[in-house]
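Below you'll find the structure, written out as structure tokens, and then a few comments.
FYI, it's all coordinate maths here, none of it is from the lab. All values reported here derive from a predicted model rather than from experimental measurement. All Cβ positions, glycine included, derive from the backbone under ideal geometry; neighbour counts span all protein chains shown.
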Amino acid sequence: MKLLFTDLEQSETTYPLIDDGWFPVEELNLVDGPEGLTKAALTGSSEAMVKGQVRCTILSSCDRCCTEVKLDLAADFVYICMIGRKEYERGRQETECRQEDYNKLYLNEPVIDLGELYREQLYLSIPSQVLCDDLCRGLCQVCGKDMNQTACECEQIDQESPFAVLRQLKDR
Ligand SMILES: [Zn+2]
Ligand SMILES: [Zn+2]
């Protein structure tokens with residue numbers, strides 16, 4: 001899914017997500033989607049504003065107990081796309097000086113790769129920790145039993161784990 005600068009207009013145009021060839025099927029286990037759309041408009045001779053949203057559902061696994069978890073990913077994004085090296089240098093200084101509420105994207109060619117934007121945004125929306133439940137008790141570090149299903153009698157060894165800390169609090 002690529003947008004050519006020469007196809008863009010000054011008025012905002014909507015581009016629905018019709019092709020999902022960009023989706024990283026080998027890395028993310030897709031069960032629903034992706035869906036999305038992008039609105040784009042020229043904001044200068046070598047500058048365009050791209051606003052979009054993308055969502056999908058993937059299968060992942062709980063970081064604590066390894067149970068399969070359905071994960072809804074969704075992202076809204078705004079990019080200012082700029083062509084050329086000169087803008088790149090200037091833009092870098094600008095972004096160092098002030099906080100931006102949008103991302104700047106510097107292009108070598110007057111082509112915006114929407115697939116790449118969608119992919120990046122989905123990756124960014126993956127939570128750093130995936131849990132089947134906030135209270136998931138995980139697997140026993142000693143016998144490997146799923147502690148959500150059965151309680152075991154093992155002495156827990158890893159006192160650093162979030163679960164161990166929680167349990168200490170509870171036992172108090
Ligand atoms: Zn879990
Ligand atoms: Zn155990």
Explain nothing, just the number: relative contact order of segment 2-124, from Cα pairs under 8 Å at least 6 residues apart, as a whole percent.
27
Subtracting the Cα-Cα distance from 0.36 nm times the residue separation, let me have the gained length for Gln141 to Ala74 in nm, one decimal.
20.8 nm
Relative pair counts by distance (%), Cα atoms of segment 2-124, 5 Å bins
2, 10, 19, 19, 17, 13, 9, 6, 3, 1, 0
Gain in span if fully extended, Asp134 to Thr14, counting 0.36 nm per residue against the direct Cα distance:
39.4 nm
Take Cys154 and Lys2, extend 7 Å from each Cα along the Cα→Cβ direction, and tell me the distance between the two endpoints in nm.
5.3
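Between Asn103 and Lys39, what length comes free when the chain is fully extended (0.36 nm per residue of separation minus the Cα-Cα distance, one decimal in nm)?
21.5 nm
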